[in-house]
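Notes to accompany the following structure.
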Amino acid sequence: MTKQQAAEIVAAERFRRGITWRELAEEIGRPLVWTIAALQGQHPLTDEEAGTIGRLLELDEAVVEALEKQPYRGTLDGGAPSDPTIYRLYEVVSVYGPAIKEAIHEEFGDGIMSAINFELDVARRPHPDGDRVVITLDGKFLDYRW
């Protein structure tokens with residue numbers, strides 16, 4: 001079974017059982033967004049984590065094993081994504097990516113933000129014009145060394 005097939009089964013079983021992503025994250029002791037990404041096939045789970053998810057969602061052993069496999073990360077089909085939420089993130093990077101890069105270089109020097117030594121959080125912030133989505137990207141700075 002592929003990680004993508006396992007991800008589809010996990011999503012269906014989670015929905016069918018009325019279990020939230022947050023509940024799954026708390027059960028395995030991982031951050032919310034990391035857990036969602038892992039269960040969508042972007043990270044491997046440990047044997048213990050996969051077993052816990054398997055028990056909670058009553059998954060077949062083949063699905064549990066697929067959750068432990070190493071993934072091919074960051075793979076999106078085709079060009080710009082068509083899902084509106086994902087597209088907005090794509091748009092943010094397309095419009096502001098070069099400016100973010102310049103700001104990082106000005107503040108830190110020649111280097112990049114790690115997406116491996118990295119934390120990500122999504123939060124809600126009340127606002128009079130409508131609640132705001134706050135996305136925090138927190139990656140270690142890695143300088144280029146020649």
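How much accessible surface does Tyr87 have with a 1.4 Å probe, in Å² rounded to 10? Number for this one is 80 Å². Using Cα springs under 10 Å in a Gaussian network model of the chain, which residue among Gly41, Gly130, Gly109 shows the largest mean-square fluctuation? Maximum among the listed residues: Gly130.
This structure gives mean projected area of the Cα convex hull in nm², computed directly, and of (1) 8.4; (2) 11.6; (3) 10.6 that value is listed as (2). Choose one answer from Val95, Val33, Val63: the residue with the largest mean-square fluctuation in a GNM of the chain with alpha-carbon springs under 10 Å. Judging by the Gaussian network model, the answer is Val95.
The angle separating the long axis of helix 84-108 from the principal Cα axis of greatest extent in the chain is about 50 degrees. Put Leu56, Leu39 in order of accessible area, highest first, and with a 1.4 Å probe you get Leu56, Leu39. Rounded to the nearest 10 square angstrom, Asp143 shows an accessible area of 70 square angstrom against a 1.4 Å probe. Database remark: amide H of Gly111 closer than 5 angstrom to the amide H of Tyr144 (H placed geometrically; neighbours at sequence offset of 5 or more, or on other chains; Pro and chain starts carry no H).
With charges only on Cβ, +1 for K and R and -1 for D and E, what is the dipole size of the chain about its Cα centre, in debye, rounded to 20? Write out the running numbers ahead of the final one.
Working: 16 positive and 26 negative charges, 48 e Å.
Taking the Cα centre of the chain as origin, the dipole is about 220 debye.
Can you bin segment 1-62 into rounded, prolate or oblate? Criterion: square roots of the alpha carbon gyration tensor eigenvalues sorted a ≥ b ≥ c, rounded for a/c under 1.5, prolate for a/b above b/c, oblate for the rest.
On the way: a/c = 1.27, a/b = 1.10, b/c = 1.15.
The shape class here is rounded.
When both segment 27-45 and segment 47-86 are represented by their alpha-carbon centers, they are found 8 Å apart. Only helices enter this figure: runs of n ≥ 4 DSSP H residues, each worth -39500 (n - 2.57), summed and divided by the residues of the chain, yield -16000 deg cm²/dmol at 222 nm to the nearest 500.
Which peptide among 17-23, 4-10 comes first, and what is the full order, when sorted by highest mean count of other Cβ atoms within 10 Å?
Most protected by this proxy first, the peptides run 4-10, 17-23.
When only DSSP loop residues count, what GluC sites (Glu not before Pro) in segment 34-79 have their Cβ near at most 10 other Cβ atoms within 10 Å? Loop-located and lightly packed - Glu58.
The values are calculated or read from the model by the stated rules, or taken from the named source; none is laboratory data. Just so we're clear, the structure is a prediction, and the values are computed from it rather than from any experiment. When we count neighbours, we look across all protein chains shown, and the Cβ atoms used for this are built from the backbone with ideal geometry, even at glycine. Protein only, heavy atoms only, side chains kept; ligands, DNA and RNA dropped before computing areas. Shrake-Rupley method; radii C 1.70, N 1.55, O 1.52, S 1.80 Å.
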